[in-house]
Amino acid sequence: MLLTSCSYIPLELPLAAGLPAKRLFVLDGAEVDADGLLPRDFCPYARALMREYDPGDVLAIAGSCDAMRRAYDAIRYWGLAADVFYLDVPRTADEAAVDYFAGELRQMARHIGVVGPAGQVEEQSLRLACEAMNKARAAMAEAAKSLEEGTLRASRLLQAIMDVNELMGDVARWGMTWDREEGFGREVCDALTRAVRAEIEKALSVSVQPPALAGRVRVGVSGTCLLDLSVVECLEEAGLEPVFIDSCMCQRVYDFSVDVNPSYDIYMELARSYLSKPGCPRMFTGDERIARLGALAAMYGAKGLVYFAPKFCDLGYYDFPDVKRGLRESFGLPSLLLEGEYGAGRTGQVLTRAVAFREMLEGRGEPSGA
């Protein structure tokens, strides 16, 4: 299996090589003493990566931030994973960056081809893998519409996305037998698509009636790294109702597609789509990110933004002041910064601050900044 650290690493590549793949949302495996490998005052997600991986796993780490580069160095130096690959991700989406990233993806495909059952990544398999992932993203996007309608809780949507992620790495749940030495064929594409849709439909079946959400204050959620349910569950407990989640666990995962037109270079299209998807704070997007958050707030009727950053996250500390200022000045929206450990966002302190934020939003009249 291929395990990835970042939403900028395309799962399409390992699938085309016959490798099931998933994002490391929840980390399993034998833990090691992270204090001996990385500083204590360091990104908690990077520290969580410090564990022994199964011998058959391929670990792909993106150069998304300095913490991930240090995590890659530590994992490789101490031999925590039998095979670890580093993917350099540009911070812009111009044509030069797309061309460079396409080259990086080709290099990743060659690396995976050595360990993948299907060997060399064939273009037809890659296009079919892109088609399957497009359909998976479309199913998740369709489920997210229920947030606007008030018939699905944000925590339930996130759980569904995590369940789909686990499904991606478990071939036995796809409802067919995959001869992975033959690459990613049409039958596999259709089977994965059906399995994902069934998983999403299961989530949608656990709906709530709009009256149950009456009186709850709608907010948006954003930040750098939101890879578990605890923060959103805490916001819901505080009487807030997240109606959009701009994170690498939610909208940044499904809010784009890859053009599989056979006349186009599939690596260039893959690179362009991933670099142009809703950007996280690591990308150089200028005011585009603030404008997007403001537009999402207007679309979903959010009264404010909750920004979550893991402790010691430099990107979050740089990004939040601009986001807070931009949303206040351009959209009249207040923002709340929350910090926490990886997987431990549901704390008494976070709950207290979320309740206070809700009370402030309830007491506001016309938007006037915060």
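Only residues that are under 14 Å from Y342 (Cβ atoms) and at pLDDT 90 or above: list them for the range 25-39, please. The answer is L38, and nothing else. Screening the candidates V253, V232, V323 for the property of being under 30 Å from L128 (Cα atoms) and either among the β-branched types (V, I, T) or without any contact (Cβ under 8 Å) to a residue 40 or more places away in the chain (or both) yields one hit, V253.
Cβ-Cβ contacts under 9 Å between residues 6 or more apart (or on different chains), taken from a first residue in the range 341-361 that is touching a residue at least 24 places away in the same chain (Cβ under 8 Å) and more than 18 Å from G304 (Cβ to Cβ) to a second residue that is assigned to a loop (DSSP other than H, G, I, E, B) and polar (S, T, N, Q), are listed as E341/T347.
Filtering the range 45-64 down to residues that are under 24 Å from E269 (Cα atoms) and surrounded by fewer than 22 Cβ atoms within 10 Å (Cβ to Cβ), which residue is modelled with the lowest pLDDT? Filtering first and then ranking leaves G63.
In the range 65-106, which residue that is closer than 18 Å to G36 by Cβ and aromatic (F, W, Y) is surrounded by the most Cβ atoms within 10 Å (Cβ to Cβ)? Per the stated criteria, the residue is Y72. Looking across the range 229-269, the residues that are assigned to a helix (DSSP H, G or I) and among the aromatic types (F, W, Y) come down to Y254, Y267.
Please enumerate the residues belonging to the range 89-132 that are part of a helix (DSSP H, G or I), acidic (D, E) and closer than 14 Å to M268 by Cα.
Of the residues in the range 89-132, the ones part of a helix (DSSP H, G or I) are 95-115, 123-132.
In the following step, the residues that additionally are acidic (D, E) were identified as 95, 99, 104, 123, 131.
Across the range 89-132, the qualifying residues are E95, D99, E104, E123.
Kindly establish whether A271 is within 29 Å of R69 (Cβ to Cβ), at pLDDT 95 or above, in contact with a helix residue (DSSP H, G or I) (Cβ under 7 Å, 6 or more places away or on another chain) and surrounded by 14 or more Cβ atoms within 10 Å (Cβ to Cβ).
The answer is yes for A271.
Scan the range 256-282 for residues that are without any contact (Cβ under 8 Å) to a residue 12 or more places away in the chain and of a type in the set (S, T, Y) and the total you get is 2. Looking for something closer than 30 Å to P39 by Cα and either out of contact with any Lys or Arg (no Cβ under 7 Å at 6 or more places or on another chain) or not charged (D, E, K, R) (or both) - is there at least one such residue anywhere in the range 291-301? No: the range 291-301 contains no residue that is closer than 30 Å to P39 by Cα and either out of contact with any Lys or Arg (no Cβ under 7 Å at 6 or more places or on another chain) or not charged (D, E, K, R) (or both).
Pairing each residue of the range 283-311 that is closer than 12 Å to F331 by Cα with any residue that is in a helix (DSSP H, G or I) and aromatic (F, W, Y), provided the two are 6+ apart or on different chains, yields C-beta distances under 8 Å for G294/F331; A297/F331; A298/F331; G304/F357.
I'm checking my understanding of the structure. Among residues of the range 316-354 that are assigned to a loop (DSSP other than H, G, I, E, B) and small (G, A, S), which one is surrounded by the most Cβ atoms within 10 Å (Cβ to Cβ)? Once the filter is applied, the top-ranked residue is G345. Checking G223 against (1) surrounded by fewer than 22 Cβ atoms within 10 Å (Cβ to Cβ); (2) within 22 Å of P310 (Cα to Cα); (3) within 17 Å of the chain's Cα centre (by Cα), which single condition isn't satisfied? Going through the list (1) surrounded by fewer than 22 Cβ atoms within 10 Å (Cβ to Cβ); (2) within 22 Å of P310 (Cα to Cα); (3) within 17 Å of the chain's Cα centre (by Cα), G223 breaks only (1). For the range 150-194, the set of residues classified as assigned to a loop (DSSP other than H, G, I, E, B) and out of contact with any helix residue (DSSP H, G or I) (no Cβ under 8 Å at 6 or more places or on another chain) consists of G169, D170, T177, D179, listed by residue number. When C280 is tested against (1) in a loop (DSSP other than H, G, I, E, B); (2) surrounded by fewer than 21 Cβ atoms within 10 Å (Cβ to Cβ), only condition (2) is not met. The single condition among (1) surrounded by fewer than 22 Cβ atoms within 10 Å (Cβ to Cβ); (2) at pLDDT 90 or above; (3) not in a helix (DSSP H, G or I) that G215 does not satisfy is (2). Go through the range 326-339 and give me each residue that's touching a Lys or Arg at 6+ places or on another chain (Cβ under 7 Å) and either in contact (Cβ under 8 Å) with a residue 60 or more places away in the chain or of a type in the set (D, E) (or both). The answer is L338, E339. Does P39 satisfy being without any contact (Cβ under 8 Å) to a residue 12 or more places away in the chain, surrounded by fewer than 21 Cβ atoms within 10 Å (Cβ to Cβ) and not acidic (D, E)? Yes, satisfied.
The values are calculated or read from the model by the stated rules, or taken from the named source; none is laboratory data. Just so we're clear, the structure is a prediction, and the values are computed from it rather than from any experiment. Heads up, the Cβs are rebuilt from the backbone with ideal geometry, glycines too, and the neighbour counts pull from every protein chain shown.
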